[in-house]
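Trainee: What follows is a single structure, and I will ask about it in a moment.
The values are calculated or read from the model by the stated rules, or taken from the named source; none is laboratory data. Being a predicted model, the structure only gives us computed values, none of them experimental. Don't worry about glycine lacking a Cβ; one is built from the backbone with ideal geometry, like all the others, and counts go over all protein chains shown. Ligands, DNA and RNA are stripped out before the accessible areas are found, and what is left, the full protein with its side chains, is counted by its heavy atoms. Shrake-Rupley method; radii C 1.70, N 1.55, O 1.52, S 1.80 Å.
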Amino acid sequence: MSKVAAAADEEEEVFDQPEIRNVDDEPDLSASESKEMAEAAGLDLKDQGNAALQSGHYTDAIHLYSTALSHLPDNAIILSNRALAYIKVENYGLAIQDATHAIDADPAYPKGYYRRGTAEFALGRAKAARKDFRNVCKLRPKDKDARARLAECDKAVREAAFAAAILSDVSVPLSDTFKPESIAIEKSYDGPHPNQQLLTLDEIELESSFFQPGKLPRDFVLASLEHFKNQKVIHKRYVAHLLISAKHYYEQMPSLLEIPIPKVGPDINDPTVLPRLTVCGDTHGQFYDVLHIFELNGLPSENNPYLFNGDFVDRGSFSVEVILTFLLFKMSNPQCIHLHRGNHETKNMNKIYGFEGEVKAKYDDKIFDLFLEVFSYMPLASVVGDKVFVTHGGLPTDPGVTLSDIRKIKRGCEPPNSGLMSDLLWADPQPFPGKSPSKRGVGYSFGPDITESFLNLNDLQLLVRSHEVKDEGYLVEHGGKTITVFSAPNYCDSMGNKGAFIHFEENCEPKFTQYEAVPHPDVRPMAYAAGMGGLFM
């Protein structure tokens, strides 16, 4: 763990308590007894919220802090602590609101700036975060942690400026120039080969043909899974071939897929197992839970196809193994597995939440760049069985958006902050009609009326999305028209939630399967996250 991350972990162990004030700052002792009782109740609820936050029960902490604020609405400490709880559940927009309220209530209280800066940084707004951490450093000149945060912001701003400066000079993508066959395979490599053995120099020019869609031997895929189970990775040369092939494959695909329900069931010897498609939500680098899904439901095949609905990487520290597993199956048989881009298949998220660090630790920066190219061309949504719309985040909030509009979305780029692609990757449902700014700080939340309108306009019956952890692994909302499915049980080794997946048969009625987390090697979530990554655990 870096010194910065260690400092972050140490920081999160300490929850704010009322500061010692001067006598002049003491509350008016002539206040009514009811006011004193309300203050006492609020402070007691704050303490309960701190305990819930420290034990990882973030939703409970938010509820307790909210009740405390009903007694003490302008208490900067409680507002700041609730902001931290919102950060833990990735509701960065709400965290920014609370932190701003805390700053307004007490401009000399440093944790308000600290929380707001953390949330801004999580959204990729390094310049805004830098202003807040500068204020923390002014208020606490000797705070080493605050200075480390400020340095992280300065670094991010410089990197963004450098990237913008060289962008115009980059005209040819790495996938068009990189030569995987130039990477030597060491004698010490004990992993699988696509041709079952290392090719000779005379055969090397044929190697890339093994990685073309539908050509990759399934034996190599299964051998790679076994290698991953043993905490080993396949060789960089093969990964480069795989990523380049996948990028060119996705480049030719539309933004919206049409996925039929299979005609034959996964077990031809058991007629009670009907033809089906399995839809999974976020898996977030939890490789051993992905293997558990396959144990419960069978390996991907043309008669047992899967749709994984984005957020394959980040948070969990086996993200490389997860995404390589999915891409290996995809290149072996494109009809056995379908993949959507999620909001974590993006450069900004990967930098903060661990995937970039993991790839560079297990491979190098060029492999990471190839991953980004693949992510940028992944489809954004699917229509399953002509009836079910599936996308990672949610629906566009502008009226009149059709499937044809979604098919026309230009890919090969990082998502913009607003617009159709942003909605599909980031939006969340809300229980009341209309749209409102997202609790995440990006895009909007959409109500049941928006869901109903979109489905009716496009002759669909159901929306399936992911993007949010759910205690039971799934949640049905909007009068049965919206389903959230989340497939990473005990998310981040701390949430205690179940995972779930959905079967869709010919009638497209959802059937849910829930499961618990399974053990994994002793590598903590976000083990590869650098800088301020520790704040988001």
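Trainee: At 222 nm, what helix-only mean residue ellipticity would the chain give, in deg cm²/dmol to the nearest 500, using -39500 (n - 2.57) for each DSSP H run of four or more?
Mentor: That comes out to -13500 deg cm²/dmol.
Trainee: Would you please give the FRET efficiency between residue 459 and residue 44, computed as 1/(1 + (r/R0)^6) with r the Cβ-Cβ distance and R0 = 35 Å, to the nearest 0.05? Display every interim value, and only then the final one.
Mentor: Values: r = 54 Å, r/R0 = 1.55.
FRET efficiency, residue 459 to residue 44: 0.05.
Trainee: Quick check: pseudo-label points 7 Å beyond the Cα along Cα→Cβ at residue 190 and residue 70, how many nm apart are they?
Mentor: Between residue 190 and residue 70, the label points sit 6.1 nm apart.
Trainee: Return the FRET efficiency for the residue pair residue 503, residue 60: r is the Cβ-Cβ distance, R0 is 41 Å, and the value is rounded to the nearest 0.05.
Mentor: Numbers: r = 32 Å, r/R0 = 0.79.
Between residue 503 and residue 60 the formula returns 0.80.
Trainee: Whenever you get a sec, line up 331, 495 from highest to lowest accessible area (probe 1.4 Å, protein heavy atoms).
Mentor: Working: 331 0, 495 50 Å².
Final ranking, largest accessible area leading: 495, 331.
Trainee: Another question, if that's okay. For the peptides 182-194, 106-118, 457-469, what is the packing order when you average, over each peptide's residues, the other Cβ atoms within 10 Å and list the highest mean first?
Mentor: Values: 182-194: 13.5, 106-118: 22.8, 457-469: 20.5.
Highest-to-lowest ranking by the protection proxy: 106-118, 457-469, 182-194.
Trainee: Near the amide H of residue 307, under 5 Å away, which other amide H atoms are found, from residues 5 or more places off or on another chain, if H is placed in the peptide plane?
Mentor: When sequence neighbours closer than 5 places are left aside, the close amide H contacts are 278, 279, 280, 338.
Trainee: Using a 1.4 Å probe, what is the accessible area per residue for the chain, in Å²? Present the calculation step by step, with values, prior to reporting the outcome.
Mentor: Numbers: 23260 Å² over 537 residues.
Value for the chain: 43 Å² per residue.
Trainee: A further question on this structure: What does the net charge come to around residue 332 if you take all other residues with beta carbon closer than 14 Å to its beta carbon, with K and R at +1 and D and E at -1?
Mentor: Values: positive: 215, 218, 330; negative: 219, 302.
Its environment carries a net charge of +1.
Trainee: At residue 128 and residue 296, where each label point lies 7 Å from the Cα along Cα→Cβ, what is the point-to-point distance in nanometres?
Mentor: Calculated label separation equals 3.7 nm.
Trainee: Would you please state which residues of the stretch 61-86 a label at residue 37 would reach in this model, taking the label point 7 Å out along Cα→Cβ and a backbone N cut-off of under 15 Å?
Mentor: It comes to 71, nothing else.
Trainee: Which FRET efficiency value, to the nearest 0.05, is calculated for residue 172 and residue 409 with the Förster distance at 25 angstrom and r the Cβ-Cβ distance?
Mentor: On the way: r = 24 Å, r/R0 = 0.95.
According to the calculation, E is roughly 0.60.
Trainee: Here is a further query. Give the residues of the stretch 328-349 whose amide nitrogen is closer than 17 Å to a point set 7 Å from the Cα of residue 229 in the direction of its Cβ.
Mentor: 329
Trainee: Distance cut-off 27 Å, Cα to Cα: go down the list 35/88; 387/439; 88/131; 351/387 and report the pairs above it. Kindly include the intermediate steps, with their values, before the conclusion.
Mentor: Details: 35/88 32 Å; 387/439 29 Å; 88/131 22 Å; 351/387 36 Å.
Violating the 27 Å Cα-Cα cut-off are 35/88; 387/439; 351/387.
Trainee: For the Cα atoms of the chain, what angle does the longest principal axis make with the long axis of helix 448-457, in degrees from 0 to 90, nearest 10?
Mentor: 30
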